[in-house]
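Report on the following structure.
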Amino acid sequence: MAITRVEVTPKQGAGMRDVRGDVVRRQLKADHGIDVSEVRSITGFLIKSSVPSFEISERVDDLFSDPIIEDAVTDTLFLTSPQHFPTAPDAAITVGFKPGVTDNPGSAAYDGFRTIFTQDELLEDASISTYQTYIFYGLPSEVTAEWLATTLHNNLIQRAEVADGEACAQAQWPAIDYPEKPPQTRTPPQAMNLEIPDEELIALSESGLLALNLEEMQTIQGHYRDVEVQASRAAVGIVANAPTDVELECLAQTWSEHCKHKIFASKIHHVDTETGEDSVIDSIFKTHIMKPTHDMQKEVDWLLSVFHDNSGVIAWDENWSVCMKAETHNSPSALDPYGGAMTGIVGVNRDILGTGLGARPIANTDVFCFGPPNWEGDLPDNLFHPSRVLRGVHAGVRVGGNESGIPTVNGAIVFDDRYIGKPLVYCGTVGIMPRVLPDGRESHIKTPTSGDIVYMVGGRVGYDGIHGATFSSLELTEESPSSAVQIGDPITQKKMLDMVLEARDAGLITCITDNGAGGLSSSIGEMAEYTNGCEIDLAKVPLKQPGLSAWEILVSESQERMTIAVKSSDCAAFESMAELHEVEATPVATFTSSGMFHVKYDTDTVAYLPIEFLHDGVPQLQLESEWSTPQQPLFNPESIELGDDAGHSPVLLDMLARPNIASKESWVRQYDHEVIAQTAVKPFVGVERDGPGDAGVIAPLHGDPHGLVISCGIAPRYSDLDAGAMAAASIDEAVRNAVCAGIDVDKMAGLDNFCWPDSIESVKTPDGKFKLAQLVRANRELERVCRAYRLPCVSGKDSMKNDYGSGENKISIPPTLLYSVFGDQPDVRFTATSDFKCAGERVYLVGISKEELGASELAFMMKENGQAEGIGGQVPLLPHPEQNINTYRALSTAIHAGLIQTAHDCSEGGVAVAAAEMCIGGRIGAELDIDGTGDSSVWSRLWGESLGRFIVGVQPEHEADFIEWMAGHPLTFLGTVTSSQELIISDGYEPLIKLKIPVMVDAWQNTLDMTGGVA
Amino acid sequence: MSTPRVAVLFGFGINCDHETAAVFNLVGGNSERIHVNHFVQGNRVLDDFDILAVPGGFSFGDHLGSGRLMGNRMRFALREQLHAFVAAGKPIIGICNGFQVLVKTGLLPGPNTSNPLPDFVQRASLTLNDSGRYEDRWVTLEFDPESPCIWTKGIRRMDCPVRHGEGKFVMPSSTDFDALAANHQLAVRYVDPSTPLGQGVTDEPLPFPISPNGSMRNVAGVCDSTGLVFGLMPHPEAVYAKWLHPHHTRGTAPGPPSSEALGEWEGEGLQMFRNAIEYVISKR
């Protein structure tokens, strides 16, 4: 088969731009301060087919190039054309994919190729691979082509060919070849001898990337010693007294921390060295998360499905239910920020599609934690600079969300040095489904029966995604990269999504789940619990390339796949629907009631595991936890010297420019937040649509103002003092954000997503007891606050190994809880936003400012500036959450009564920052007095982050009603919005801050604008 | 008299099909989301419909250029049906990715006035924004009151979100633009909201973000010479209600004072769809 090369480059001329090249030029300037005079680009296609080159050449303008804006050449390199590239460049770099890596433009090009060349015999085994060439002119002499290449590609998944100035002068151009995957041969299943000493069991687990501990390995060993087990195995013709590699891999996946949440399920011996407590917690999850939610479920009628499905489902109105799930994709994003993050977002979309009988994703949330984007310190080996992680993660989520047609309505970006070691990439999705399907079934209940046919739908299975979850613990090598990380394929998934929802409404689906971690092993294995058995034939599974062994097919985490059960009488209808949508759907298994997870390859049995052993056989971990309060040098603001007359004004400008506070608009605006035509409160609000939105509000039924609120809270800084306080603050912040948007506080639900450093004491983790105690305290606070707020946790996830390296160089992330809230918004025409609305608006503080500057953003900034010793002190606490929720209810109902249109939560940077943001959004000034907002110091009242607080604006005509409405709740008059362009804050007669609005706008907006402009 | 029937295409990455179908229904249409392949395979016939809408999205991931692969599917597989639809004088709208599809199919801006039937020759393109970024942001649009476009009748100015990375409208020469301008086919342009109504339109490229993409002559949308086929990059369907306007919490979301569809809360975008429904009814 021949390879035809086609190259395309933008036309030059008046009004035309080479935008791809220009983007590279601007990023070099923004990220590295490097000025290049011009960068041009070429897109290349390597077409493997039996269609003759001359025929392709004749149709190039029909497919590969757009004749209005592009030129194309066939079977040559554009760089050899003096007409297009008259002068020799200073560098030329070509970047293509490594063999086996998902190439979405290539797949799309092939799809288009088949529209034009329709003869099947010419297309057998045909495919298309793409590459990009960047051509640099005016490159500063100190910048080498080799270095440039490292900024343009990730060698885990891509290849680069480089021509430096000398090579270019000699016309030695980079030419990349078709990335041919070497043929693989399938190895038949092996019997794994477990009758070996303990140390060899451990070695087997480690060398095989099984991530099982000794007790777990011994439990597996014990299973195969059981004579009854042996007899039943002999009967089906599988090795009787030892597991096959397929079985061992399957158990390792199913019993992994990722799938079984073994730390949250463990028995913990907890000691508190300060209170003397010595107690045992039998599963944090059951005790602190599940039990409170189940208690609440007894009291309300709207909690339809919690914990057991792919996401938690609540009834929204009589006809519709909504669900939400959030996931993390930290390790994949560390290895390949773009692919890791993209598979994160499209993966959680599938969780929604796999909820009940299938829900439609209607909103995404993205929360990222990164190292500082302007980091100038050293970077550990194999880690990317935070700015590159930010760019890659953002691009992955942008492409994944935008191309899937799901609006990103809410999120956050948090920065801390320790996230250099492991970035956190949280992706969430909200879904909606009709409560009852046309055939009368309730959509949140799966209805599989023995005999149903199980389909694998969507993408194919490949080497990509094998051991994805455990790869991060290996050294990165050049050799087998394509299995380590994956790139999502949103369009394949979108086609599948369209098709699945049609199949759901046609009543064709009895059970559905997504293929994520653990692949078919997990998806079919979990669904088989419903009928108590299944029989899979791996030989039927469609593969991306031949040669995969049975265990690889079973555990591969290749993306864009759902597993769907269909009644045998509906199979024909299901398959023809798939065909219409051009979605691959292949029957690979049957549900049984045999009690067995029975896996065959053709006629051979390759795995035969009891369902009960597979799912409930893993032994409970026993862990040690010990708390003592971390000692941090005290943050004493009184020792800070403020410059002469300016008072706190320069502090406010510095705070507004802090990455944690600064506007993220240039990043967020690149997400589609309005597709589906439902977003009633957008990520940015106000006169210039650039003030901070507190929460996303959507009205998903067209023509109907009934809404939903989606918000989040995250406060990892507080973990440095107390992870319990961190958890309480995260929940409170999420709820307050939602209250600003008018959530019904009596109909809201939450998601807990924990990201923790390793908390099992070991040589690698000597402080494991303390880190586990942090987890205990966080969960105790979670239970206390959620019970008080009557806020059920309907879904959640944990990622428990967020560390880099070991010993002195070890970096552990601060324990981080992302708390997401979603709930009812009775009428989106009544909501509030943070921007001040007009002069004369009366401004109030809801809540009380306490002496709580410990671990505040101010403390961290002053410490980093060398103006303070430390960040220690009193961390914000939530002593009476039952009082808080009453205040929140009053505030939210005031919004719905039309009394206020302006509300903003008071968090990072306290009253000063919140007030500044409200002025920025409204492009209008205010004169405020913080006297009377609490008994605390002026520093605390201005910058403190006490929980439970909002700043609200009230029109004068509603002021009396509002005060009466809020009677009994803490409310302090702060001042008035003025027609000036100045924010003035005082403490009684003492002036504190006086700043012009445009100056604050610049400070707030410049830090994170890394776009490099548009010129 | 039967309600006008609207075919709203979906499949292969189109993703604004739900809301596009919904807005036609809000103004008295009877819309149906129909997978492209139903028309290709002949299960459904385009001729059964009065209006065709090609919604926004990322058809085929916009690889090889936005709208190109979907444009090819339509150009090669739906050629006769589309030709007959236009020849029958039935309105077509393409929004965002749908506009890109219609341009790459050659339906927009289409051949000149002397023979307005489609010849499926691409005459213009929509390419990467000068900024190099996909962005979701609100812009102000001004419409040519003399345009033959049946979709924009009576609409003068509108706030609207754009959500695209490839919205820069280009044609090979200024004479191409002059011909369209003379025929008032440059139906909608990006304008500076601070200009007085009717005076915002200019041929000089406006700065970012007033023009979000660097379009030549600030073109946001064009129609064919009959005025029946229309496409635009911004999303009028995304402002069907005032509560979707970013300023609704400020009490300043523009729109008609009252409407049958949404009371006081009809947004500026709905009129475009009502225009097409009323046009179909008026031709009966």
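The values are calculated or read from the model by the stated rules, or taken from the named source; none is laboratory data. Here the structure is a predicted model, which is why all the values come from computation and not from measurement. Ideal geometry is used to build each Cβ from the backbone, glycine not excepted, and the neighbour counts take in all protein chains shown. To get the accessible areas, we keep the full protein, side chains included, count just its heavy atoms, and leave off ligands, DNA and RNA. Shrake-Rupley method; radii C 1.70, N 1.55, O 1.52, S 1.80 Å.
Just a few scattered comments:
- Selected residue (criterion: farthest from the chain's Cα centre (by Cα)) from residues of segment A:625-676 that are within 14 Å of chain B (Cβ to nearest Cβ) and of a type in the set (A, V, I, L, M): A:Ile676
- Flag if A:Asp644 is outside any strand (DSSP E or B), without any contact (Cβ under 8 Å) to a residue 40 or more places away in the chain and of a type in the set (Asp, Glu): yes
- Meets criteria (within 10 Å of chain A (Cβ to nearest Cβ), over 24 Å from B:Phe99 (Cα atoms) and out of contact with any Lys or Arg (no Cβ under 7 Å at 6 or more places or on another chain)) for B:Thr195: no
- Listed conditions (1) at pLDDT 95 or above; (2) open to solvent by 20 Å² or more (accessible area, probe 1.4 Å) are all met by A:Pro619, apart from (1).
- Screening segment A:387-446 for residues that are over 30 Å from A:Gly507 (Cα atoms) and of a type in the set (D, E, K, R) and picking the one that is nearest to the other protein chains (Cβ to nearest Cβ) gives A:Arg398.
- Test for A:Pro243: is it modelled with pLDDT of 95 or more, on the phi < 0 side of the Ramachandran plot and crowded, with 16+ Cβ neighbours inside 10 Å: yes
- Every residue from segment A:123-153 that is in contact (Cβ under 8 Å) with a residue 12 or more places away in the chain and out of contact with any Lys or Arg (no Cβ under 9 Å at 6 or more places or on another chain): A:Glu124, A:Thr130, A:Gly138, A:Leu139, A:Pro140, A:Val143, A:Thr144, A:Ala145, A:Glu146, A:Leu148, A:Ala149, A:Leu152
- Subset tally (residues that are more than 14 Å from chain B (Cβ to nearest Cβ), within 16 Å of A:Lys544 (Cα to Cα) and open to solvent by 30 Å² or more (accessible area, probe 1.4 Å)) for segment A:101-126: 2
- Some residue of segment A:152-162 being within 18 Å of A:Glu38 (Cβ to Cβ) and open to solvent by less than 30 Å² (accessible area, probe 1.4 Å): no
- Flag for A:Trp943 being modelled with pLDDT of 95 or more and surrounded by 22 or more Cβ atoms within 10 Å (Cβ to Cβ): yes
- In the set A:Val461, A:Val409, A:Val454, only one residue is in contact with a Pro (Cβ under 8 Å, 6 or more places away or on another chain), surrounded by 24 or more Cβ atoms within 10 Å (Cβ to Cβ) and at pLDDT below 95; that residue is A:Val461.
- Scanning segment B:145-162 for residues that are within 14 Å of another protein chain (Cβ to nearest Cβ) and open to solvent by 10 Å² or more (accessible area, probe 1.4 Å) gives a single hit, B:Asp159.
- Candidates are the residues of segment B:123-144 that are free of Cβ contacts under 8 Å to residues at least 40 places away in the same chain and open to solvent by 10 Å² or more (accessible area, probe 1.4 Å); the one that is nearest to the other protein chains (Cβ to nearest Cβ) is B:Gly132.
- Looking only at segment B:223-241, and only at residues there that are farther than 18 Å from B:Ile51 by Cβ and buried (at least 23 other Cβ atoms within 10 Å of the Cβ), the one that is farthest from the other protein chains (Cβ to nearest Cβ): B:Met233
- The set of residues in segment A:517-554 being within 28 Å of A:Leu501 (Cβ to Cβ), modelled with pLDDT under 95 and not in a helix (DSSP H, G or I) consists of A:Ala517, A:Gly518, A:Leu543, A:Lys544.
- Sole residue being over 30 Å from A:Arg233 (Cβ atoms) and without any contact (Cβ under 8 Å) to a residue 60 or more places away in the chain, chosen from A:Glu575, A:Glu582: A:Glu575
- In segment A:46-68, the count of residues that are more than 25 Å from B:Val121 (Cα to Cα), surrounded by fewer than 20 Cβ atoms within 10 Å (Cβ to Cβ) and among the polar types (S, T, N, Q) is one or more.
One line per residue, one yes/no per condition, for (1) surrounded by 24 or more Cβ atoms within 10 Å (Cβ to Cβ); (2) within 14 Å of chain B (Cβ to nearest Cβ); (3) of a type outside the set (S, T, N, Q); (4) on the phi < 0 side of the Ramachandran plot:
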{"residue": "A:Arg504", "(1), (2), (3), (4)": "yes, no, yes, yes"}
{"residue": "A:Ile509", "(1), (2), (3), (4)": "yes, no, yes, yes"}
{"residue": "A:Ser521", "(1), (2), (3), (4)": "yes, no, no, yes"}
{"residue": "A:Glu526", "(1), (2), (3), (4)": "no, no, yes, yes"}
{"residue": "A:Gly533", "(1), (2), (3), (4)": "no, no, yes, no"}
{"residue": "A:Leu548", "(1), (2), (3), (4)": "no, no, yes, yes"}
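- Residue match in segment A:583-595 (condition: out of contact with any Ser or Thr (no Cβ under 6 Å at 6 or more places or on another chain), within 14 Å of chain B (Cβ to nearest Cβ) and exposed (fewer than 15 other Cβ atoms within 10 Å of the Cβ)): no
- The residues of segment A:679-690 that are in a loop (DSSP other than H, G, I, E, B), touching a strand residue (DSSP E or B) at 6+ places or on another chain (Cβ under 8 Å) and either among the aliphatic types (A, V, I, L, M) or more than 7 Å from every other protein chain (Cβ to nearest Cβ) (or both), listed by number, are A:Pro683, A:Gly686, A:Asp690.
- Applying the condition of being open to solvent by less than 20 Å² (accessible area, probe 1.4 Å) and either outside any helix (DSSP H, G or I) or within 20 Å of B:Pro91 (Cα to Cα) (or both) to segment B:48-64 and asking which residue is nearest to the other protein chains (Cβ to nearest Cβ) yields B:Gly57.
- None of A:Val367, A:Val399 is in contact (Cβ under 8 Å) with a residue 12 or more places away in the chain and assigned to a helix (DSSP H, G or I) except A:Val399.
- Identity of the residue in segment B:5-47, in a helix (DSSP H, G or I) and farther than 19 Å from B:Ala276 by Cβ, that ends up nearest to the other protein chains (Cβ to nearest Cβ): B:Asn37
- Segment A:691-704, subset facing chain B (nearest Cβ under 10 Å), assigned to a loop (DSSP other than H, G, I, E, B) and within 24 Å of the chain's Cα centre (by Cα), residue farthest from B:Asp17 (Cα to Cα): A:Gly693
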